[in-house]
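Step one of this worksheet: look at the structure below.
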Amino acid sequence: MVGTQLNWDQYATAWARLHGGFDPRTAAPVVRAWLRLAYHVGYVLGRLRVSPTAVTVAGVLLCFCVPLLVTRQADGPFLGALFVLLAAVADSVDGAVAVATGRTTRLGYVYDSVADRLGEVAWLLAFWLVGAPGALVVAGGALSWLHEYTRARAVSAGMREIGAVTVGERPTRVSVALAGLLVAGLAGLIEPDLAAGTITMATAVWVLLAGFGLGQLLSTVRRALLDAD
């Protein structure tokens, strides 16, 4: 299959096989549109012989730009939000390139997971630089990491790869980072001190959703593995 370009239906079937049977063709309209966008961009990059790993590295670099930009006067949080969005696109496209060109590998899956965690660290660092309390930032990072670690260990113990879609998943973190920086930027235009309070609220939302999502996941893992035993 290496070097073969898949059409959308073939891609969706292959993507579903790699994501616990979840078919993107039956997803909600917004999710389906996002995945189709990733497919089309990935298809073009595949034709240009861009590797999935190169896209993954580009995504990490985009994430690292976020804390470097957020401290700029006036437009810093807006630029940070823009780079979060670009990194999120790259995060979807690297997998799309791999699936569309038949270059999915277990090593690539590991690289992608590591890249996601590095990106989230960069976003939380940006939150701290804008004014979020360090303890809250660390709690958000720890809960998100524990969520992914729990899922990985559960999968290795025999649970299906998806198991449960919780409120603390990766797309939620992307949304909170993007919305948090945008709102902080708007608040900073009104009153500079408001930016810190706004980003603190965004970090608290991250922590709450990550904690609740972890609870959902642990409940699902418990049921799945008890049934398996």
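The values are calculated or read from the model by the stated rules, or taken from the named source; none is laboratory data. Keep in mind it's a predicted model, so treat the numbers as computed, not measured. All Cβ positions, glycine included, derive from the backbone under ideal geometry; neighbour counts span all protein chains shown.
Inside the range 180-200, residues that are exposed (fewer than 15 other Cβ atoms within 10 Å of the Cβ) and of a type outside the set (Gly, Ala, Ser) make up a count of 6. Would you be able to say whether some residue in the range 84-102 is surrounded by fewer than 23 Cβ atoms within 10 Å (Cβ to Cβ), out of contact with any His (no Cβ under 6 Å at 6 or more places or on another chain), among the charged types (D, E, K, R) and modelled with pLDDT under 95? No, the range 84-102 contains no residue that is surrounded by fewer than 23 Cβ atoms within 10 Å (Cβ to Cβ), out of contact with any His (no Cβ under 6 Å at 6 or more places or on another chain), among the charged types (D, E, K, R) and modelled with pLDDT under 95. Taking the range 156-173 as the range and being surrounded by 13 or more Cβ atoms within 10 Å (Cβ to Cβ) and modelled with pLDDT of 80 or more as the test, the residues that pass are Thr166, Val167, Gly168, Glu169, Arg170, Pro171, Thr172, Arg173. Residues being under 18 Å from the mean Cα position of the chain (by Cα), over 19 Å from Leu178 (Cβ atoms) and aliphatic (A, V, I, L, M) are represented in the range 27-47 by at least one member.
State whether one or more residues within the range 220-227 are surrounded by 21 or more Cβ atoms within 10 Å (Cβ to Cβ) and either assigned to a helix (DSSP H, G or I) or within 25 Å of the chain's Cα centre (by Cα) (or both). Steps first, please.
The initial filter retains those residues of the range 220-227 that are surrounded by 21 or more Cβ atoms within 10 Å (Cβ to Cβ), namely none.
No.
Checked against the criterion of being closer than 15 Å to Pro171 by Cα and touching a helix residue (DSSP H, G or I) at 6+ places or on another chain (Cβ under 9 Å), the candidates Val99, Val66, Val70, Val84 yield just one match: Val84. Of everything in the range 173-219 that is within 18 Å of the chain's Cα centre (by Cα) and of a type outside the set (A, V, I, L, M), the residue that is nearest to Leu118 (Cα to Cα) is Arg173.
Would you mind stating whether Val137 is farther than 24 Å from Asp227 by Cα, modelled with pLDDT of 90 or more, in a helix (DSSP H, G or I) and in contact with a helix residue (DSSP H, G or I) (Cβ under 6 Å, 6 or more places away or on another chain)?
Working: farther than 24 Å from Asp227 by Cα: yes; modelled with pLDDT of 90 or more: yes; in a helix (DSSP H, G or I): yes; in contact with a helix residue (DSSP H, G or I) (Cβ under 6 Å, 6 or more places away or on another chain): yes.
Yes; evaluated as a whole, the condition is true for this residue.
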